[in-house]
1. Within the group V222, V256, which residue is in contact (Cβ under 8 Å) with a residue 40 or more places away in the chain, closer than 23 Å to G41 by Cβ and of a type in the set (A, V, I, L, M)?
2. Go over the candidates P197, P180, P211 one by one and state the one that is touching a helix residue (DSSP H, G or I) at 6+ places or on another chain (Cβ under 6 Å), in contact (Cβ under 8 Å) with a residue 60 or more places away in the chain and either farther than 22 Å from G51 by Cβ or not small (G, A, S) (or both).
3. Only one of (1) surrounded by fewer than 20 Cβ atoms within 10 Å (Cβ to Cβ); (2) at pLDDT 90 or above; (3) among the hydrophobic types (A, V, I, L, M, F, W, C) fails for I88. Which number is that?
4. Find the residue count for region 212-257, including only residues that are small (G, A, S), over 24 Å from P145 (Cβ atoms) and surrounded by 14 or more Cβ atoms within 10 Å (Cβ to Cβ).
5. Pull out all pairs, ordered by first then second residue, where Cβ-Cβ is under 9 Å, the residues are six or more apart or on different chains, the first lies in region 292-316 and is farther than 14 Å from V231 by Cα, and the second is surrounded by 10 or more Cβ atoms within 10 Å (Cβ to Cβ) and among the aromatic types (F, W, Y).
6. State yes or no: is A110 assigned to a strand (DSSP E or B) and either under 25 Å from L255 (Cβ atoms) or polar (S, T, N, Q) (or both)?
7. Consider region 280-313. How many of its residues are touching a Ser or Thr at 6+ places or on another chain (Cβ under 7 Å) and either part of a loop (DSSP other than H, G, I, E, B) or not assigned by TED's automatic domain parsing to the domain that holds R235 (or both)?
8. Out of all the residues in region 198-241, which are within 30 Å of S64 (Cβ to Cβ), assigned to a helix (DSSP H, G or I) and among the polar types (S, T, N, Q)?
Amino acid sequence: MGERTADGGNGPARALVDNVRRVIRGKDEQVVLAVVALLSGGHLLVEDVPGVGKTMLARSLALSIHGTYRRIQFTPDLLPSDVTGTVIYNQKTSDFEFKPGPIFANVILADEINRATPRTQSSLLEAMDEGQVTADGTTHTLPRPFFVIATQNPVEYHGTYPLPEGQLDRFCMSLTIGYPSAEVEREIVEAQLLEHPVNALGPVLEAEDIPVLQRRVREVTVHPDVLSYAVELVRLTRVEEGFHLGSSPRGTIFLVRTAQARAFLEGREFVTPDDVKSLAVPVLAHRIIPAARSRALSEARSLIQGVLERVPVPVL
């Protein structure tokens, strides 16, 4: 990838967004949020009904960055070693060797993650936090970039294990894709009459370009007043009525980091309060627990919207 250009160096990132939009139609905001999560170095949780494009979003991102892609179908009988890998005995060498699991890829689709047991869910924690896997006392580094898109179905609760708060906190943001409009749905059907558009999708970046873009995102300037605004938004989730559990400091970090990524995508070298405000709901909603102990994201999002209305937006 070339040096920073007059557009602020965001040309490759914009090309990534445009390429994914060729497959994920009518959901521009969701595509941008997914790319923002990737550029922020975080991971994405998608809660939605079946068939709205969750799998295609992950595949499209992997193809667009010319990266490796693995889909892991989470089921109640899935073991941690089925995800991370296992140590096996090699009779030819008379030695034990590590056989990597499907998690060793650039883009991971953890499909229906809440169907696996808490023990298997927790096998992702080290990988998501530190980009590595430890097996039999030996640490194995995961490829870079490493991006997890986890999905869960909000309308099926039988046989599911809700993600614990510690696991949810590892995700940079959460979003829903939703049903397309009638017009867009017609376009989707017509586009797939002969072949799925994802089969013709080519890369616009190389996988090794993503860490470079992630470093450039970190260079985007954050004004002290904007930083204070983000901190205050998170602080209120811990003290306001209506919240049983507020966001962790990790939520504040990702709120600022995703705001940097959004500014970078738009070709700016500085973060605005609007960047923070637009990302507060997807970054914070899954990290908080309403006083009613409800796990519905819709209620959590409503609480975050209320906080946004109460905190004055700084004028720069």
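The values are calculated or read from the model by the stated rules, or taken from the named source; none is laboratory data. Every value quoted in this text rests on a predicted model; they were computed, and no experiment measured them. Every residue, glycine among them, receives a Cβ derived from its backbone with ideal geometry; neighbour counts consider all protein chains shown.
1. Within the list V222, V256, the selection yields V222.
2. P197
3. (2)
4. So the answer is 4.
5. L303/F243; L316/F270
6. yes
7. Result for region 280-313: 1.
8. Answer for region 198-241, where residues must be within 30 Å of S64 (Cβ to Cβ), assigned to a helix (DSSP H, G or I) and among the polar types (S, T, N, Q): N199, Q214.
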